[in-house]
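Nothing in this text is a laboratory measurement; each read-out follows from the coordinates by a stated rule. Quick caveat: nothing in here was measured; it's all calculated off a predicted structure. Neighbour counts are summed over all protein chains in view; Cβ atoms, including those assigned to glycine, are modelled from backbone coordinates with ideal geometry.
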Amino acid sequence: MRIYTRGGDLGKTALIGGERRFKDDVRIEAYGSVDELGANLAFAESLLDSHLFSDIKSLIAEIQQRLWDVGADLAAPESAKDYQFRTPDGAAAELEPSIDKYQQEADKLSKFVIRGGTTEASAMHVACTVARRAERRIVALMHVEEIHPPTLRYVNRLSDLLFVLARAINVRLGENDVQYKNSKIVFREPNSRGKISNNEKESQNQGLQEDERS
């Protein structure tokens, strides 16, 4: 089988169902960003020690399979009448126990932190930001065409998971978070007695950092 087909030499590619669109089409941007997310996640996983991070590596292997489902669903326009969506309604919820688990490995988060730390964690932070970009591309698609809603929920929740994984990786490698020095207290426990000021609420809503499931 040849890798090249010459079919895209004029700037168009085929979607599921055969419809052809230009490669900068909003739908292609959406599933292309998910593909890019998978590549960045693969790089981050390749940096992890097989013994120290065997659990995280196994988790990422499962996520990679699901990302192909998400990408396929995004590549299926309304014209693909016979296509059966692959991302289940509960895909995002399946990530939540892992978010809770790895969040417990790091110190409780009250302020924004600077992305970085070890090489391994930094690579995971990059994957997290690519997930956020993929989410924005899916939202852009949603404005103009129908999407399969579980795809958006899954990528949103995945970005939260990648953020807590990056923090957990730093902890296992003995690296501390670096707090953003101008940050106010923006993350509180649900039963906290302290009230969050309007400015803090506004900062929290900006989504500069992901700690809790959005």
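Laid out as a table, the results:
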item: Residues whose placed amide H lies under 5 Å from that of Val113, excluding near-sequence neighbours; result: Tyr180
item: Distance (nanometres) between label positions extended 7 Å along Cα→Cβ at Asp107 and Thr13; result: 4.3 nm
item: Karplus 3J(HN,Hα) series, Hz, for the stretch 139-154 with 6.51 cos²θ - 1.76 cosθ + 1.60 (x for Gly, Pro); result: 5, 4, 5, 4, 5, 10, 9, 5, 10, 8, x, x, 5, 5, 4, 5
item: Average Cα contact separation per residue, the stretch 1-119, under 8 Å, 6 or more apart, as relative contact order %; result: 27 percent
item: ³J(HN,Hα), Karplus 6.51/-1.76/1.60, whole Hz, each residue of the stretch 166-183, x for Gly, Pro; result: 4, 5, 5, 4, 4, 4, 5, 9, x, 9, 8, 5, 10, 6, 5, 5, 9, 6
item: Rough spin-label spacing in nm, given labels placed 7 Å along Cα→Cβ, for Asp89 and Arg6; result: 4.8 nm
item: Prolate/oblate/rounded call for the stretch 88-140, Cα gyration tensor, a/c under 1.5 rounded; result: oblate
item: Greater than 30 Å apart at Cα, pairs in Lys101/Lys181; Lys57/Lys184; Lys12/Lys81; Lys57/Lys111; Lys23/Lys81; Lys12/Lys57; result: Lys57/Lys184; Lys12/Lys57
item: Computed [θ] at 222 nm, deg cm²/dmol, the chain (DSSP H ≥ 4; -39,500 (n - 2.57); rounded to nearest 500); result: -18000 deg cm²/dmol
item: The stretch 107-179, relative contact order [Cα under 8 Å, separation at least 6], %; result: 52 percent
item: Potential lengthening between Ala39 and Trp68 on full extension [0.36 nm per residue; Cα-Cα distance subtracted]; result: 9.3 nm
item: Separation of the Phe22 and Asp82 label points, Cα + 7 Å toward Cβ, nm; result: 3.1 nm
